[in-house]
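Take a look at the structure set out below.
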Amino acid sequence: MKNPYVPFPVRIESVLVETEDKNIKTFTLSFIHREDEEQFIYRPGQFAELTVFGKGEAPFGMASSPTQPGFLEFSISKAGVVTNELHQMSEGEVLGIRGPLGNGYPLETSKGKNVLIIGGGFGFSTLRALTNYMLEETHRKEFKQITLIYGARRPGFLLYKSDLEAWQNRSDIQVFLTVDQDDTGWRGKVGFVPAVTREVAPDAENTITFVCGPPAMITHTLPVLKELGFQKERIFLSLEMRMKCGIGKCGRCNIGSKYVCQDGPVFSYAEILNLTSDDVF
Amino acid sequence: MDALINRIREIARGLLREGKVDVVIGFEEGTIPFHSRPCFVRSPDEADRLIWNNFCGNNLAKYVVKRKERMAIVAKGCDTRALLELIKEKQVMRDQIYIIGVPCQGMIDRVRVEAELRSRPVRTVEVREATFLITGKDFEKELDIKEFLYPSCQECIRKNPVIFDELAGPEVEESVGKTYPDIESFEGLSDEERWQYFSHEMSRCIRCYACRNACPLCYCTECFVDASNPQWIGKSVTESDTALFHIMRAFHLAGRCVECGACERSCPLGIDIRKLNRKLSKDVHVLFNYEAGISLDEVAPLATYRPDDSEAFILEP
Amino acid sequence: MEDQKMAEPKTAKWEPTIVAFLCNWCSYAGADLAGISRIQYPNNVRIIRVACSGQVNPWFILANIQQGIDGVLISGCHPGECHYLTGNYRARRKFALLKSLLQFVGLEEGRIHFTWVSASEGVRFARVIEKVTDIVRSLGPAKKMVKRI
Amino acid sequence: MKDKTIRKKDVSDFLDRLIQSNRVYAPVMENGYFLFKTIKSGSEVNLDYQNAKMSPKDILFPQSEALFRYQLEKRDVEIDVPVQDEPNPVIFGIRPCDVRGIQALNNVFSKNPKDPYFEARRSKTVIVGLGCKETHNGCFCTTVGGGPCTDDGSDLFLIDIGDEYLIRVISDKGEDLLKEEDLMDAEAQKITAAAEVAEKAQEALGPCVEVQGSKDILTRRFNDPVWGAIAEKCIGCGVCTYLCPTCHCFDICDEALYKEGKRIRIWDSCQYPLFTRLASGLNPRDTVEKRIRQRIMHKFAYFPDEQGMLCTGCGRCVIECPVNLDIREALKVLLRTGAAQ
């Protein structure tokens, strides 16, 4: 049995600056040893602990989809010790990765249903993985209509520009991009995500919703979804808590009796309302 | 002692009844022998919870920082010194607190008593005039209070409150003149002996930070040991990290430490933490002629200088 | 790394490593002058330039000790000559206490030194380095409070 | 195997034989209190003790331990996991509450994915428990389902019956330890005497509060202002968690020098404000009140089904809390008034 605390070595293949403030970069990583890659079987919505040797570990959701083998992608915002160091690293440098961890998005229950994906800002990374997964040829037919709403402060803060463009050119997904502030040359919507949701959301019947984004976006989007008749059991959110071990032992990330690292990070809204916590949305 | 308790209750009741303060911070009976503990009284009817005895070791000045209410605080000599420092450092406004000064008879050192009893369980403690009587399951022992006071109490020359709005009892006799016989004799040891002692003490530390958290003058929002960006100090319990934590902790209190001994009292392992602080107090006293927690007007020694400060330690080639 | 460090003295060629924090306005200029004037001094010293001796956080010194640096020197402008008027006076109070405290816990007296060197004192700078190096060399490699990884 | 007896004066010699091939941890008096230490001779051990100042959990779950060492190379990294080669550890003279503490830790660490470091130590360790004849002021083991002479989880269990200890042989591991020993089988009257000691001790320490149903009551009171009143005097140190036999929260961090270093696991405490703070600055448990609530809920409400109650009533937090924040009293306030609601 593999020691769950020991990371697999990975190498940085490329680094892409995503946002205009240069605070979010997407790192493409590849496994140094092939056998490690074979053990790393993940689903969209799961996360991994990335090691910067000498600085420590931090958890990040996989931004790449398992349907794109050979590499992993992580979009990382510069905030703490590990991420600050990561942002100074470049191609060829060695990191560690421990995972996959957590439960991931419930793909099975989504089959045969419409899918509504609502993302905001930096919280979009695992939803991007989910979108790419669902759009992949063999998976696309498992889901009905797919609607994507993605908002950011300004156009320069939207991640994954080439993906967004490719999706907009497809007919099997409806993509609504929105920004808080208008910019010259912006052709998408202007306004907050909850408002756009109210405007373009598909029929609540037979639709599964995935939401991830900043707390303010979530708190304001949930009432809209409720109003539109979406059931609590069919809305899934990805939670953020301070995680360390990732295997439900270190005692940090519990909300009531659930460990976000093991039982989550994805919970249905119904489950979240049942958690013993004072920070329910 | 009873008169003192009655007076404390009376003052507290009056203040709460007249609405002069929102809360009275004092001591109440603890749940186990040797422990009186902090309590917060918010209504006149509750004032009878307040007590005073030889087990009121906590420094209640700890609780005034970052509190918005108007507070009355039952304060012995060292508590008032800490309050004075906090006022000086603008951590609490003088008019936000009402100080009920209590002349202090010294507090009994539970850890030393435990060691004396070889940790046999105590059922009751009864304080008499100059002694206290301990009863256990099959033993009884009468000990001399003076001998079992905390070291900080034995050395204390500030038993009476230095700043107060009201005194709850008559002032007690204090010895005069600051002396540091313990520090001087320790300085007389060789480098190696001192290092042996210090590293033995450090090896027992579990880094629970009780010393830091019990200290009334440790109020940084983020302590240097907790800071992660940059990380100043390692978190493991190695001799090096532990030693440097304690040195740095003491140094942060240079010229501020009021020698209440709260650090040492809170240490579950009875480590001689106070020695470092006391050494600094001595140096501050000898080099800069300053004693913390005595005067509101005197500038803190490390916030000022004199052109003729000692240069004895400067290297001359 | 540490293991190497510990092993070195056996080879009899062990040389101490000394870190010197020099203030920009006087002591660093003094070191510069020593260099320009080609005054010889031991090469054990690694110089870190700081704005003022008053800027040196006691932790800088402790961090050096922790990392196994054998000796630390802090040097500023002579009293009364500080570029910031009072920085070195404040440093003097701070370090009088720190040096005394470290000695109190048993650190060898000669590990940490403080001095003043002005911009015109190239010779004094060289002498200071010679003296510090001699003292630290006589103490042998640092052990107390050194962290082993 | 039948119960055995050993004369008190022979214990020291027995330990001397034991340390030939085992690493023996036993209570030793140092600096005025007892701690579990690796002993070099049986004469160091003093079994006439209340309890050790710190729980012996650090034998199985050290305060800091290296998870692995690494060496960065140009385009790869070499990772080296330390091997545990401690010679057959024996924890001798451990109190029943601390044995239950080990069981509680075991429930956490042996849950999937298993913790290999804890497992490796735990599987080899032999536990020799020691019943309590009398209890101290903080004890409340009977409240949380234990007892002064509960032998669950021990491999051997000693009960003081005057000049001798009765040894209950509970597991094969325990039996192995006595294999080479020439001990008397316990006579019937000694077995009875031991049972009496156990019964007396149990009776002397009644439960202080009913904790059955704590999960529901505490969960219901999650947002009750009573937590604020309980927590008000807390100074936020880690004494309660570090001395606790069941607290197991930890932090993982790196220590490095240039290209090499190690990843260590160290004890951490839910009582520290930075424990849950995110890099973004957001902190879900940003007040003392929330942190005290987390500690009590974690022990009595969150996992009683899977992990059992994470409190063994050893009373260390009661005795050593610098401000005497007594968890028994907190429970009384929470559960009694809560049950009435």
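The values are calculated or read from the model by the stated rules, or taken from the named source; none is laboratory data. Note that the structure is predicted; figures quoted are calculated from it, not measured. Using ideal geometry, Cβ is built from the backbone for each residue, glycine included, and neighbour counts are taken over all protein chains shown.
A few remarks follow.
One line per residue, one yes/no per condition, for (1) without any contact (Cβ under 8 Å) to a residue 24 or more places away in the chain; (2) within 7 Å of chain B (Cβ to nearest Cβ); (3) within 16 Å of the chain's Cα centre (by Cα); (4) farther than 18 Å from B:Phe251 by Cβ:
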{"position": "C:Ile65", "(1), (2), (3), (4)": "no, no, yes, no"}
{"position": "C:Pro79", "(1), (2), (3), (4)": "no, yes, no, yes"}
{"position": "C:Asn88", "(1), (2), (3), (4)": "no, no, yes, yes"}
{"position": "C:Ala91", "(1), (2), (3), (4)": "no, no, yes, no"}
{"position": "C:Leu101", "(1), (2), (3), (4)": "yes, yes, no, no"}
{"position": "C:Gly106", "(1), (2), (3), (4)": "no, yes, no, no"}
{"position": "C:Arg111", "(1), (2), (3), (4)": "no, no, yes, no"}
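- Exclusive hit being more than 7 Å from every other protein chain (Cβ to nearest Cβ) and touching a His at 6+ places or on another chain (Cβ under 7 Å), set D:Leu310, D:Leu282: D:Leu310
- Counted residues, the stretch A:41-72 - those being surrounded by fewer than 21 Cβ atoms within 10 Å (Cβ to Cβ) and within 17 Å of D:Asp76 (Cβ to Cβ): 1
- Out of B:Gly293, B:Gly255, sole residue that is crowded, with 16+ Cβ neighbours inside 10 Å, more than 9 Å from chain C (Cβ to nearest Cβ), of a type in the set (Gly, Ala, Ser) and assigned to a loop (DSSP other than H, G, I, E, B): B:Gly293
- Residues of the stretch B:258-290 that turn out to be over 25 Å from B:Glu311 (Cα atoms) and away from chain D (no Cβ under 14 Å), as a count: 3
- Among the residues making up the stretch A:1-23, those that are in a strand (DSSP E or B) and either without any contact (Cβ under 8 Å) to a residue 24 or more places away in the chain or within 13 Å of chain D (Cβ to nearest Cβ) (or both) are A:Phe8, A:Pro9, A:Val10, A:Arg11, A:Ile12, A:Glu13, A:Leu16, A:Val17.
- Pairing each residue of the stretch D:110-135 that is in the same structural domain as D:Tyr49 (by TED's automatic domain parsing) with any residue that is assigned to a loop (DSSP other than H, G, I, E, B) and small (Gly, Ala, Ser), provided the two are 6+ apart or on different chains, yields C-beta distances under 6 Å for D:Ile127/D:Ser154; D:Gly129/D:Ser154.
- Residue match in the stretch B:112-121 (condition: part of a loop (DSSP other than H, G, I, E, B), touching a residue at least 24 places away in the same chain (Cβ under 8 Å) and buried (at least 20 other Cβ atoms within 10 Å of the Cβ)): no
- Output for the stretch D:249-271, where each listed residue is more than 7 Å from every other protein chain (Cβ to nearest Cβ), of a type in the set (Phe, Trp, Tyr) and either surrounded by fewer than 21 Cβ atoms within 10 Å (Cβ to Cβ) or not in a strand (DSSP E or B) (or both): none
- Selection from the stretch D:77-95 of residues that are within 14 Å of chain A (Cβ to nearest Cβ) and either small (Gly, Ala, Ser) or touching a residue at least 12 places away in the same chain (Cβ under 8 Å) (or both): D:Asp80, D:Val81, D:Pro82, D:Gln84
- Looking only at the stretch C:128-149, residues that are closer than 19 Å to C:Asp32 by Cα, facing chain B (nearest Cβ under 9 Å) and in contact (Cβ under 8 Å) with a residue 60 or more places away in the chain come to 3 in all.
- Scanning the stretch D:41-52 for residues that are over 22 Å from D:Cys149 (Cβ atoms) and in contact with a Lys or Arg (Cβ under 8 Å, 6 or more places away or on another chain) yields a total of 1.
- Verdict on B:Ile247 being within 25 Å of B:Leu83 (Cα to Cα), among the hydrophobic types (A, V, I, L, M, F, W, C) and in contact with an Asp or Glu (Cβ under 6 Å, 6 or more places away or on another chain): no
- Which listed residue, of B:Leu315, B:Leu280, B:Leu253, is over 14 Å from B:Cys211 (Cα atoms) and at pLDDT 95 or above: B:Leu280
- Selection status of A:Ile235, closer than 30 Å to D:Asn112 by Cβ, surrounded by 20 or more Cβ atoms within 10 Å (Cβ to Cβ) and β-branched (Val, Ile, Thr): yes
- The criterion of at least 1 residues that are touching a Ser or Thr at 6+ places or on another chain (Cβ under 6 Å) is met, among helices (runs of 4 or more DSSP H) falling completely within the stretch A:58-160, by A:81-86, A:125-135.
- Among residues of the stretch B:184-220, those that are facing another protein chain (nearest Cβ under 7 Å) and surrounded by 22 or more Cβ atoms within 10 Å (Cβ to Cβ), counted: 6
- Among the criteria (1) at the interface with another protein chain (Cβ under 8 Å from one of its Cβ atoms); (2) outside any loop (DSSP other than H, G, I, E, B); (3) within 21 Å of D:Asp251 (Cβ to Cβ), the one B:Thr242 does not fulfil is (1).
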